[in-house]
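Beneath this line is the structure, given in structure tokens, with notes to follow.
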Amino acid sequence: QVQLVESGGGLVQAGGSLRLSCAASGLTFSRYHMGWFRQAPGKEREFVLFSRWSGSVSYADSVKGRFTISRDNAKNMVYLQMNSLKPEDTAVYYCAAGSVSGVYTQTQPYDYWGQGTQVTVSS
């Protein structure tokens, strides 16, 4: 059974930092592309960034230069480091895993999703 479990969310002031973690189990982690998405109230889930199994990364323009993704294949972990946070970054953040060919800036190719962790940025 595949599980993705996010942690590390919370309340932070604008300009601050948070590090989210996603623990994966039940899959061959090193063969999966790992992505982070977010969803604010009343809005659709949106792409944040993802790491291909090879390690290369793609970012949404809104987070480029502020957010980074890293993965530890030995620990089956993926991390989202968020710096210079803004109130508009407030959302539930989800990690996701996928292995098939597809457009990984969209939700469709991902096979598995975590339950999400809330990030709130106060102004």
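The values are calculated or read from the model by the stated rules, or taken from the named source; none is laboratory data. Just so it is clear, the model here is predicted, and its values are computed rather than measured. No Cβ is skipped: glycine too gets one built from the backbone with ideal geometry, and neighbour counts run over all protein chains shown. When the accessible area is computed, the model is the full protein with side chains, heavy atoms only, and any ligands, DNA or RNA have been set aside. Shrake-Rupley method; radii C 1.70, N 1.55, O 1.52, S 1.80 Å.
Of the set (1) touching a Phe, Trp or Tyr at 6+ places or on another chain (Cβ under 9 Å); (2) open to solvent by less than 20 Å² (accessible area, probe 1.4 Å); (3) not in a strand (DSSP E or B), all apply to residue 95 but (3). Taking residue 56, is it more than 11 Å from the chain's Cα centre (by Cα), at pLDDT below 95, on the phi < 0 side of the Ramachandran plot and open to solvent by less than 70 Å² (accessible area, probe 1.4 Å)? Judged against the criteria, residue 56 is a match. Entry remark, the range 59-76: residues being assigned to a strand (DSSP E or B), in contact (Cβ under 8 Å) with a residue 12 or more places away in the chain and surrounded by fewer than 16 Cβ atoms within 10 Å (Cβ to Cβ) number 1 in total. Open to solvent by 60 Å² or more (accessible area, probe 1.4 Å), touching a His at 6+ places or on another chain (Cβ under 7 Å) and not polar (S, T, N, Q) - does that describe any residue in the range 38-52? Yes; the residues of the range 38-52 include at least one that is open to solvent by 60 Å² or more (accessible area, probe 1.4 Å), touching a His at 6+ places or on another chain (Cβ under 7 Å) and not polar (S, T, N, Q).
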